[in-house]
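Since the structure comes first, as structure tokens, the remarks are kept for the end.
The values are calculated or read from the model by the stated rules, or taken from the named source; none is laboratory data. Given the structure is predicted, the values throughout are model-derived calculations rather than measurements. Every residue, glycine among them, receives a Cβ derived from its backbone with ideal geometry; neighbour counts consider all protein chains shown. We work out accessible area using only protein heavy atoms, side chains counted, and drop any ligands, DNA or RNA first. Shrake-Rupley method; radii C 1.70, N 1.55, O 1.52, S 1.80 Å.
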Amino acid sequence: MSNGLVSIIIPTYNRAHLIEATLESILLQTYQNWECIVVDDGSIDETESIVHSYTNKDNRIKFFKRPQDLQKGANSCRNFGFQMSSGEYINWFDSDDVMLENFMENKVNALTPDTHFIIGNGYYWYPKTNTKNDLYLADTDNLYADFVMWKLEIITNSVLFKRNFLKDKELFNPNMKRGQEAEFFSRLFFECNAS
């Protein structure tokens, strides 16, 4: 098992009512060598003060505001978070998601010297009804085709990347407002399938 630093990168905007649960789930990780980069997109609620209460509690949590010269939106925040991160591994996450306590440990343990990224499973949870639906993953010989045909359910937080794999890649497209992770992952998966 590697003990490399994992950078968890979270864009946020007006998530005061949700981000505390997200950060609590990160603090409970069994894998402890992480940093959490929260990039705020100009929140006008209490998001900043809530995140600051966590940065005061644990110095692995870091808060940044999206620079004014960057386009507004989660994708700019994700890309800026990558620039501010220092981890050997990168896992983008959303400010309305929570991690099971072994989320990072399982992914890091699955890495080998030959893998560029690990895709983990999870589920959609519906708090109003307290029900959950598993994300569908399966072995595949064509990751790109099965992903773009939605035979595999891979969402933003599913993938743990090696930083070296991402180093010279175009990251999230700041002009996209929806489907940004699908566009980003499909580009990367196509490149992997082609090689």
**Message:** Please pick out the residue among ASN56, ASN79 that is in a helix (DSSP H, G or I) and either open to solvent by 50 Å² or more (accessible area, probe 1.4 Å) or free of Cβ contacts under 8 Å to residues at least 24 places away in the same chain (or both).
**Reply:** ASN56
**Request:** Could you check PHE147 against (1) under 22 Å from SER85 (Cβ atoms); (2) without any contact (Cβ under 8 Å) to a residue 60 or more places away in the chain; (3) buried (at least 19 other Cβ atoms within 10 Å of the Cβ) and say which number it fails?
**Result:** (1)
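For segment 115-138, name all the residues that are modelled with pLDDT of 90 or more and either part of a strand (DSSP E or B) or open to solvent by 80 Å² or more (accessible area, probe 1.4 Å) (or both).
Residues of segment 115-138 that are modelled with pLDDT of 90 or more, as a first pass: 115-118.
Across segment 115-138, the qualifying residues are HIS116, PHE117, ILE118.
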